Amino acid sequence: MSQNICLLGRKSHGLNILNISRKVQCRALSAAVAAPKPKQRNNQNIVLVDGVRTPFLTSGTSYSKLMPHELARHSLLSLLQKNRLDKELIDYIVYGSVIQEVKTSNIAREAALAAGFSNKTPAHTVTMACISSNAAITTGMGLIATNTYDVIVAGGVEFMSDVPIRHSRKMRGLMLKANKAKTLGQRLALLSTFRPGFLAPELPAVAEFSSGETMGHSADRLASAFNVSRAEQDEYALRSHTLAKQAQEKGYFTDLVSFKVQGVDQVVDKDNGIRVSTPESLAKLKPAFVKPYGTVTAANASFLTDGASACLIMTEEKAKQLGLKPKAFLRDFLYVSQDPVDQLLLGPAYGIPKLLKKAGVTLKDIDSWEIHEAFAGQIVANLKALDSDWFCKTYLGLSEKVGSPDLTKWNNWGGSLSIGHPFAATGVRLCMHTANRLVREDGKLGVVAACAAGGQGVAMLIERYPGATAD
């Protein structure tokens, strides 16, 4: 294990001792002038009242003729309709989005206006890759904790059926100059600089800007570093699809709201990426990224997905005033960041131990785990990291390993591998599945965690609300 995990390390550069000494002295002087005040916890109980999502569909299917703000609009309206809430009661709207439609860059505002919200209701859009709707939720929590607003709608939307494809940089530059050219001579001079290569388009890619590496390639390297076999990945992917299919058939996805899409005959009323296969069929698939010896395939990786989600958060006191029955308390959260090259997808392994320590709970106290499944290899690698003395001591600074979470409580309704992963909408689904699972499985505490592009991650602690239902 240790030899392989050494791939996670980075060589340190030489240290300038004099500069460090000066910095330490400056920090000491600053501390002497104004000692920092200890952090104070907000005493308000912030609750997750309810949440909804559109069915998550593979890109290029029934949503393909829509625009992303239309998906977000549907989630907003469905949330209000489900909870019989008037639009005027919403103080603020925060939405996440990753691959943005340039015409609706502040999609929170455009979706709110399209849904008929007052033009006096502020809205803004956040982006933090796969944890964008988590960022929307925690932004809302901050607005409530500071007594800025009382009632927040947080959500996210992703639309991979129509992504922005740009002209090349050289072509864009030429077009901008041509727009400023005033005479025929100037235009002809610019035309003479044109080359056919300028017409090559720039396509958006699920890749790291800092390294240029695709996430799938990084997942393959991470799986190799933690000795995660192809068989382990296929087995986990099959587990995800099987559990998702069972939950779907039992009617557990009560956060899902059907959508009558204009131009589509049938009502869209279920996720369409859930496919239970066989180990033999999965084993026949070829590597998708590192060829020919990689272990990440189309079946053990999450797929490009269209979808939107929205949830309603407020203080417990406000919920009581409005006669609403919350599903859960939003107890705690934190974000983590690490090396985006060798530790890109280890957000849960970094975030979970910090969250448990911060909240004063242990692995055994957690009744429900909802962890984003970007890749099966990423999930198994994070589990191995948490159960590794070497990793936990070397990278987390712990005295011993965290241990392995109880897998009978882990993603019991499937996850992103099977249900789908609209980048900015997944966080709300994770929170809603946690809240509803706590009810159905008679648990108290649940953890949501996810990795994200840029080597970042989130971990959240959710507590079942007394008397909550899973409808």
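The values are calculated or read from the model by the stated rules, or taken from the named source; none is laboratory data. Since the model is a prediction, treat every value here as computed from it, not as a measurement. Cβ sites come from the backbone with ideal geometry, for glycine too, and all protein chains shown count toward neighbours. The area values use the complete protein model at the heavy-atom level, side chains included, leaving out ligands, DNA and RNA. Shrake-Rupley method; radii C 1.70, N 1.55, O 1.52, S 1.80 Å.
One table, with the values for the structure above:
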read-out: Count - residues of the stretch 78-107 that are more than 16 Å from residue 428 (Cα to Cα) and without any contact (Cβ under 8 Å) to a residue 60 or more places away in the chain; value: 10
read-out: Condition check for residue 252: open to solvent by 50 Å² or more (accessible area, probe 1.4 Å) and more than 21 Å from residue 60 (Cβ to Cβ); value: yes
read-out: Scope the stretch 193-246; condition surrounded by 13 or more Cβ atoms within 10 Å (Cβ to Cβ), in a helix (DSSP H, G or I) and in contact with a His (Cβ under 9 Å, 6 or more places away or on another chain); matching residues; value: 198
read-out: Checklist (1) hydrophobic (A, V, I, L, M, F, W, C); (2) surrounded by 19 or more Cβ atoms within 10 Å (Cβ to Cβ); (3) assigned to a loop (DSSP other than H, G, I, E, B) applied to residue 276, failing item; value: (2)
read-out: 1 or more residues surrounded by 21 or more Cβ atoms within 10 Å (Cβ to Cβ), among the acidic types (Asp, Glu) and out of contact with any Gly (no Cβ under 6 Å at 6 or more places or on another chain): qualifying helices (runs of 4 or more DSSP H) within the stretch 93-192; value: 107-114
read-out: Answer residue from the stretch 283-299, given it is in contact with a Leu (Cβ under 7 Å, 6 or more places away or on another chain) and crowded, with 19+ Cβ neighbours inside 10 Å and is nearest to residue 56 (Cα to Cα) among those; value: 299
read-out: Given (1) touching a Phe, Trp or Tyr at 6+ places or on another chain (Cβ under 7 Å); (2) without any contact (Cβ under 8 Å) to a residue 60 or more places away in the chain, number of the condition residue 413 does not satisfy; value: (2)
read-out: All positions within the stretch 439-471 that are crowded, with 24+ Cβ neighbours inside 10 Å and part of a helix (DSSP H, G or I); value: none
read-out: Only one of 391, 423 that is in contact (Cβ under 8 Å) with a residue 24 or more places away in the chain, over 22 Å from the mean Cα position of the chain (by Cα) and buried (at least 20 other Cβ atoms within 10 Å of the Cβ); value: 391
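Per-residue answers, yes or no, for (1) open to solvent by less than 30 Å² (accessible area, probe 1.4 Å); (2) modelled with pLDDT of 50 or more:
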residue	(1), (2)
10	no, no
31	no, no
35	no, no
48	yes, yes
51	yes, yes
71	yes, yes
84	no, yes
